[in-house]
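Here is the structure we will look at.
Values in this text are rule-based calculations from the coordinates and carry no lab data. In this text the structure is predicted, and so the values were computed from the model without any measurement. Counting neighbours? That spans all protein chains shown, and the Cβs are built from the backbone with ideal geometry, glycine included.
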Amino acid sequence: MSKAGLEDVVAAKSAICDVNGTEGRLIYRGYDIHDLAQHATFEEVVYLLWYGRLPQKKELDNFVTELTANRALPLGIVEMMQNFPSGSQPMDVLRTVVSALSLYDPDSDNNNREANIRKAIRLTSQIPTIIAYWDNIRNRKNTLIPKVDLSLAGNFLYMLKGEVPDELSTKSLDVALILHADHELNASTFAARVAAATLTDMYSATVAAIGTLKGPLHGGANQEVIKLLLKIGNVAKAHAYVHHMLEEHQKIMGFGHRVYKTEDPRAHDLRLMSEQLSRHSGDMKWYDISLKIEDTVMKEKGLHANVDFYSASVYYMLGIPIDLFTPIFAISRMSGWAAHILEQLDNNRLIRPRAEYTGEKDLHYIAMAKR
Ligand SMILES: CC(C)(COP(=O)(O)OP(=O)(O)OC[C@H]1O[C@@H](n2cnc3c(N)ncnc32)[C@H](O)[C@@H]1OP(=O)(O)O)[C@@H](O)C(=O)NCCC(=O)NCCS
């Protein structure tokens with residue numbers, strides 16, 4: 001019997017990430033997500049995902065040096081981006097540029113582990129640059145040389161906005177990146193593993209993952225959430241608006257999850273962050289509207305908020321353009337995709353499921369004149 005959407009099908013063994021949908025727990029390599037969000041940096045988490053353990057100080061220093069040294073894009077890539085239609089969607093730009101980057105990578109087709117780690121470092125470091133540069137290019141602003149003394153999160157905000165961000169903004173984005181870094185066999189990671197299992201190259205597997213993340217049922221949901229908050233615009237209208245949507249059987253983006261039957265643990269940390277950023281800005285509006293929507297959806301549908309719901313108000317308050325929300329998900333998830341590609345290749349078997357055939361059988365070819 002086939003399972004629609006492969007629900008509850010266990011399609012791989014993995015030591016990277018455990019999603020416990022009944023207890024609402026998320027673990028990266030043995031560490032609870034709340035513990036990592038509170039104490040780790042995104043760079044440390046990337047190391048953890050790829051190497052399976054937390055780094056020693058010197059290992060982390062070397063790793064960060066490697067990451068920071070690989071932020072720049074080849075000139076040919078920047079020139080190519082300058083020729084893209086200015087209305088191109090950032091996720092489409094990201095997918096195209098990541099594909100093009102393989103043409104400049106000397107390790108492109110080398111599938112040994114060391115070469116794949118080098119490519120994973122380049123991709124993790126260059127994806128933020130692609131996104132920030134695209135926002136600059138389409139707005140006819142100058143592209144900035146990446147700053148080596150800033151974290152990945154801090155440098156991304158710097159390249160995007162042209163000024164060094166404050167500590168709260170950097171920390172908020174850093175924690176959001178930690179929370180999005182991996183999530184077991186989510187759709188984009190599964191796509192990456194399916195591609196990697198054919199022994200194609202890491203760029204091809206990453207392009208498959210980016211294309212999959214773009215969909216509104218996956219990474220695209222955070223952009224839809226902020227559009228809803230903006231449409232509602234006022235906490236007094238929130239309940240009636242969402243009630244009406246539910247009556248009309250519309251989906252409320254940022255709610256529900258295939259695996260979590262209780263609160264998505266990432267939503268908990270992002271809710272706190274949304275509150276903190278609101279207090280800091282002196283305007284509680286987006287947080288208050290979010291709370292009201294959450295309350296309504298819970299009472300009327302029994303659905304919990306997922307990772308995309310509060311990340312929307314967080315990114316909005318960080319001053320990030322709406323169509324960059326999903327690309328930011330990709331900045332973070334690149335670390336998880338790479339971890340899964342490496343793990344797949346360590347013990348590879350082609351992923352090739354079967355379909356339950358429901359079509360016709362035993363038909364005989366009909367000549368064109370007789371159809
Ligand atoms: C995440 C998601 C795709 C999971 O899908 P799924 O496991 O296939 O669950 P279904 O879409 O079949 O939903 C099951 C039921 O809950 C309802 N439901 C699920 N998510 C809903 C939402 N966000 N708003 C309103 N109703 C929802 C469905 O309409 C369905 O109801 P029905 O049985 O009366 O038809 C789904 O919850 C969704 O589309 N959420 C919104 C998009 C989103 O936030 N994606 C990011 C995920 S991290």
Listed by chain and number, the lysines with an alpha carbon less than 30 angstrom from that of Lys370, same-chain partners under 8 positions apart left out, are Lys361
With only helices counted (DSSP H, runs n ≥ 4, each -39500 (n - 2.57)), the per-residue ellipticity at 222 nm for the chain, to the nearest 500, works out to -18500 deg cm²/dmol
Sites removed, the longest contiguous part of the chain containing no DSSP-loop chymotrypsin sites (Phe, Trp or Tyr not before Pro) with at most 14 other Cβ within 10 Å is 1-356
Between Glu114 and His39, the FRET efficiency computed from the C-beta separation at R0 = 25 Å comes out, to the nearest 0.05, as 0.25
For Ile341, Ile252, Ile27, ascending order of other Cβ atoms within 10 Å (fewest first) is Ile27, Ile252, Ile341
Each label sits 7 Å from Cα toward the beta-carbon; between Met1 and Lys147 the label points are separated, in nm, by 5.8 nm
For region 221-317, averaging the sequence separation of alpha carbon pairs under 8 Å that lie six or more residues apart and dividing by its residue count, the contact order in percent is 45 percent
Counted neighbours (other Cβ, 10 Å), sorted fewest up, put Ser151, Ser311 in the order Ser151, Ser311
Percent relative contact order for the chain, counting Cα pairs under 8 Å at least six residues apart, stands at 23 percent
Sorted largest first, the Cα spans of region 139-288 on the principal axes come out in Å as 51, 39, 33
Listed by chain and number, the lysines with an alpha carbon less than 24 angstrom from that of Lys227, same-chain partners under 8 positions apart left out, are Lys161, Lys214, Lys237, Lys251, Lys285, Lys292, Lys299, Lys301
Taking only the Cα positions of region 221-317, the convex hull volume per residue in Å³ is 82 Å³
Quick calc: nm separation of the 7 Å Cα→Cβ label points for Glu300 and Asp32 -> 3.4 nm
Treating only Lys and Arg (+1) and Asp and Glu (-1) as charged, each at its beta carbon, one finds that the chain has a dipole about its Cα centre, in Debye to the nearest 20, of 820 debye
Phi angles of region 351-359, converted by Karplus (6.51 cos²θ - 1.76 cosθ + 1.60, θ = phi - 60°) into ³J(HN,Hα) in whole Hz with x for Gly and Pro, give 9, 8, x, 10, 10, 7, 6, 10, x
Expressed in µm² per second, the diffusion coefficient of the chain from the Stokes-Einstein equation, with Rh the Kirkwood radius over alpha carbon pairs, at 20 °C and 1.002 mPa s, is 99 µm²/s
The exposure ranking of Glu356, Glu294, fewest beta-carbon neighbours within 10 Å first, is Glu356, Glu294
With region 1-149 reduced to its Cα atoms and the Debye formula applied, log10 I(q)/I(0) at q = 0.16 1/Å amounts to -1.06
Candidate cut points under trypsin sites (Lys or Arg not before Pro) in region 285-369, DSSP loop plus at most 13 other Cβ atoms within 10 Å of their own Cβ, are Arg349, Arg354, Lys361
